[in-house]
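Please read the structure below before turning to the comments.
The values are calculated or read from the model by the stated rules, or taken from the named source; none is laboratory data. Here the structure is a predicted model, which is why all the values come from computation and not from measurement. No Cβ is skipped: glycine too gets one built from the backbone with ideal geometry, and neighbour counts run over all protein chains shown.
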Amino acid sequence: MTKPLAIDLCAGLGGWTDGLLAEGWDVVGFDIERHVYGEHRYPAQLVLQDILTLTGEQFRGKVSLIVASPPCQFFSYCAMPWSRAKKLAADVRADPARLEKELALFNACVRIGKEAECPVIVENVRGAIPWVGRARLNYGSFYLWGDVPALMPVPSKPTKVPGFRFDGSGKSFQTASVEHTGTKVGGDWFSDPESLCRHGSKSGARKMASAMIAKIPLPLSTHIARVFRQ
C-alpha cells in the first residue's frame, strides 16, 4: 500500500516528522536552512525553501496532512514582562506593515493548508494567542491551531531540569523531559536573560538551543500521525 504523504513546514529538527515516520508516513520537510547539530538533524527529505513562496495548490490531492511549527521568538519575547518587550509589542501593533511581517510565517502555514484542501495543524507558544487568536488545544507548552483532534494525549507531570549546557552534546537541553512532559526548556529561551547576554542571536549554541526547545515531543507527533492515518 502507498504510504500517506505529509508536509512539515518550518521543519527544524523534525519533531513532527519523527512521529509521522514512526507511524508509516512519507514526509517532505520545508525550511530555509538545514539544521545539523552533532547527531541532531532533520530525519527525512528536506527542501530548502522559504515557505512564503509556497502555494498549497501544488500539494492538493497529493498530501494527506500539513503540520507546521513557525518561529515563536517574536511571540515569546512579547510575552515577557519587560518594558522593552511591551514597547516592541505596542510598536508592532501600531504599524500594520510590521504586524503583517511578524505574522507572515504563521499566516502562510494556515494559508497553505487551506489552499491544499487538507488538514493542517500549526504549533506555536501560548504567547501567540494575543496575535493569532485562541488555540484549539495544547499539549503542555505546545499550543495548536487548525484541525486539532478533540482527543489529545496528556503530558506526564513536568520535571524541572537544570539549565542549558552549550558543549554541543545536547544532553542537558531537557530533551527527555520535553518528550514526556510537553514542557519546553525553561518556558522559552527568552526567559533566561543571562543566556541572551552570553550568546548572540546568530551563535551556533543559541540556534541549537532554539531548535531543541522547539522540537515537537514524540508522543504528540505520533498521536497526530495515528489520528490522521485512520
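The strands (runs of 3 or more DSSP E) located wholly in region 1-117 that include 1 or more residues which are of a type outside the set (Ser, Thr, Tyr) and within 27 Å of residue 133 (Cβ to Cβ) occupy 5-9, 26-31, 65-68.
So which residues in region 32-64 are among the acidic types (Asp, Glu) and either touching a Ser or Thr at 6+ places or on another chain (Cβ under 7 Å) or modelled with pLDDT of 95 or more (or both), if there are any at all?
50, 57, listed by residue number.
For region 58-77, taking the residues that are hydroxyl-bearing (Ser, Thr, Tyr) and over 12 Å from the mean Cα position of the chain (by Cα), the one that is farthest from residue 9 (Cα to Cα) is identified as 77. Across region 19-61, the number of residues qualifying as in contact with a helix residue (DSSP H, G or I) (Cβ under 7 Å, 6 or more places away or on another chain), surrounded by 13 or more Cβ atoms within 10 Å (Cβ to Cβ) and charged (D, E, K, R) comes to 1. Total residues in region 132-157 satisfying the condition of being assigned to a loop (DSSP other than H, G, I, E, B), on the phi < 0 side of the Ramachandran plot, surrounded by fewer than 18 Cβ atoms within 10 Å (Cβ to Cβ) and in contact with a strand residue (DSSP E or B) (Cβ under 9 Å, 6 or more places away or on another chain): the figure is 7. Residue check: residue 121 meets all listed conditions (1) of a type in the set (A, V, I, L, M, F, W, C); (2) within 30 Å of residue 2 (Cα to Cα); (3) in contact with a Pro (Cβ under 6 Å, 6 or more places away or on another chain) but one, namely (3).
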